[in-house]
Structures are given as C-alpha cells and as structure tokens.
Amino acid sequence: MTALEVVRAAAGLDEFLVEVEEELTHAVSRYPGLVAEVGASALAAGGKRLRPALAFLSSSPLDEPPVAAGVAVELVHMATLVHDDLIDGAAVRRGRASAWSEHGEETAKATGDYLFARAFSVLAGTGDARAVSLLAEASLALARGEAMQRSQRHDPGTTVEAYLERCALKTGKLFEAACILGGGSGEYGRLLGIAFQIADDVLDCTGETIETGKVPGTDLRDGTPTLPLLLAARDDPVVREALAGGAKEGVLVRVASSGALDRSRELALHYASEARSCLDGAPRRDELEALTWAVVERRS
C-alpha cells in the first residue's frame, strides 16, 4: 500500500470523518443567515480534512473519538481560508468562487469571524477550558504568521529561518493543536505542519494542480517568499528580481532548473523525519508515520 492508503485504512477513521462532516454542517448552520450560507458554501467545497484526521490518529483507540476537537480545528482552518482569500485577492478556492469574490469583502470578513466563533463554541461545549485555551493560542499564531507573511512580501532577502518560523505559525501551530487535542504529540504536529507547508510551496512552483484551488505560481505572483523561491533567488538575479516585483515570465522554469525544488523537498523530508522521531508509544504509530510520507510525496 502507498503511504496515503495506510493512513486511509486506519480503523475507525472513515466513520470519524463522516461524523465530523455531520457536525461541521450542524455547527455552520446553527445560526441561519447570510454568513451561515456563505460558510456552508465553503464547507461544501470540501478539503482534505487533514486536521480532524490528525486529531483522530493522535487519540487512543480506547478513548472516545475526539469529534469536537476535529470539528473545531477544521472550522478554524476554514475561517483562515476565507480570510486569506480576501487578503490575497484570490478569486477561486477549490474550483469555486471565493467568498469575497462572490459575496463581497464585508461578507467574507463576517463569514470568517463567524467560523472562528463557531469553532470556539463547539470546543467550549465540551467544558474543557484547556482545550479552548490551546485553540486560542493556535489561532493567535495563525494571525501572527499572516502578519509576518505580509511583512515579508516582495522581499527576496527573507531568511530561510524567517520563512520556517512563518511556516510554524501559519501551519504548524494548528497541526500541533489538532494532535494535542486528540491526545498525542504536539511536537509531531508542529514538525509535520512545517513539512506539509514546504511541500505545498514546492507544488506551487511545479505547475501541478493543487487541491486547495490555489493556481500554480500564485506565490511568485503575490511576492510571497517561499523556500524554493528564496533558494533560487540566492543564485539567480532574474528570480530575485521577479520575487521583488519584477517580470515573472519564464521564472518558474528557472526555479526548477536551479535545483531549488529538490533542495526544498529534502528539507521537507528532514522535518518529516523529525516528526517521526516524536512517535514513541503512539497508539497509531504506523498511520502517523505513513502520514509524514504522504504529506511530502503528495501531488495535490
């Protein structure tokens, strides 16, 4: 079996995700109105549901499945996508019109806020104050990561260390929260999130279809300094100028020929390996190990 097939074969995972999907629908539709309708559209667009799956795979088979945790982390993720599309001016998300492009900026802002609020309401309903605090910390990290990305825009001088810090904030912290809420290793989640984000940034440079609906080459056009772009910019002044806001034509080909994609994949594999080292005693270790390979080797 492939790594992804090993993950998907985890006993009970399919049933868990079905329940999460039902509860997501209930949570989003709880207060009928325009923002609930727009939120439902974002929900219907689908997604990997990777964060709920992480919560499940981090839990013990002897315990109740962490449905509320899975719902809450996915709602936070959905909220960030709605807000990110607005900030980035992205008109499409997963093959559908993004919330702001179809309903306007104000509605998109309100929808993202609504999804955040529903996430915390769902988790607060469990009576676990520590869980709510943990998700709040992760949400704050997401905001800090987005602010950092804005400040790094069109800056080819961004250091790799600063890029990795941004990955940890924007992706790693919510992965970390999902794992801890499920009962597992937060460090595994943080490292996996960084590996996932590096792999995602490589995909953006390859021209392959990305499941999130992000059009390949978006990072270069937006001036977002990702690892492959930064590595290529070190040696190629044309890439450096493009990342700073100059002409973009033919630049992705130059990035590919620079070896930056392979070097980026190597670093993603390093973080995946570091994540695997955190799994001693994990009840679903085989599936969690397989997931570290799946997030790096994916093609979408």
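The values are calculated or read from the model by the stated rules, or taken from the named source; none is laboratory data. Since the model is a prediction, treat every value here as computed from it, not as a measurement. FYI the Cβ positions are ideal-geometry reconstructions off the backbone, even for glycines, and counts take in every protein chain you see. Just the protein is used for accessible areas: all its heavy atoms, side chains included, with ligands, DNA and RNA removed. Shrake-Rupley method; radii C 1.70, N 1.55, O 1.52, S 1.80 Å.
Summary table below
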{"quantity": "Pairs of lysine residues in the chain - Cα separation under 24 Å, sequence separation of 8 or more or cross-chain", "calculated": "10"}
{"quantity": "Cα convex hull of the range 152-212, projected area averaged across orientations, nm²", "calculated": "4.8 nm²"}
{"quantity": "Value at 222 nm in deg cm²/dmol, rounded to 500, when DSSP H runs of n ≥ 4 in the chain each add -39,500 (n - 2.57)", "calculated": "-22000 deg cm²/dmol"}
{"quantity": "Accessible-area ranking of Cys167, Cys278, largest first, probe 1.4 Å", "calculated": "Cys278, Cys167"}
{"quantity": "Size of the range 94-206 as Cα extents on the principal axes (Å, biggest first)", "calculated": "46, 39, 25"}
{"quantity": "The range 1-49: Rg to Rh, with Rh as the Kirkwood radius over Cα pairs", "calculated": "1.14"}
{"quantity": "Fluctuation leader among Ala232, Ala40, Ala247 - the chain, Gaussian network, Cα springs under 10 angstrom", "calculated": "Ala247"}
{"quantity": "Per-bin percent of Cα-Cα distances, the range 261-300 [5 Å]", "calculated": "6, 24, 29, 21, 12, 6, 2"}
{"quantity": "Kirkwood estimate for the range 108-172, i.e. one over the average of 1/r between Cα atoms, Å", "calculated": "13.4 Å"}
{"quantity": "When the range 1-157 is reduced to its Cα atoms, the Kirkwood hydrodynamic radius in Å", "calculated": "16.6 Å"}
{"quantity": "P(r) tail fraction, the chain - alpha-carbon pairs more than 27 Å apart, %", "calculated": "40 percent"}
{"quantity": "For q = 0.13, 0.21, 0.22 Å⁻¹, Debye-computed log10 I/I(0) when each Cα of the range 1-85 counts as one equal scatterer", "calculated": "-0.44, -0.98, -1.05"}
{"quantity": "Convex hull volume per residue in cubic angstrom - Cα atoms of the range 153-300", "calculated": "96 Å³"}
{"quantity": "Relative contact order %, the chain, counting alpha carbon pairs below 8 Å whose residues are six or more apart", "calculated": "20 percent"}
{"quantity": "Furthest towards positive pole of dipole, Leu288, Val255, Leu269, structure part the range 250-299, Cβ charges", "calculated": "Val255"}
{"quantity": "Cα gyration tensor, the range 211-278 - rounded (a/c under 1.5), prolate or oblate", "calculated": "prolate"}
{"quantity": "Inter-centroid distance (Cα atoms) of the range 231-300 relative to the range 1-64, Å", "calculated": "26 Å"}
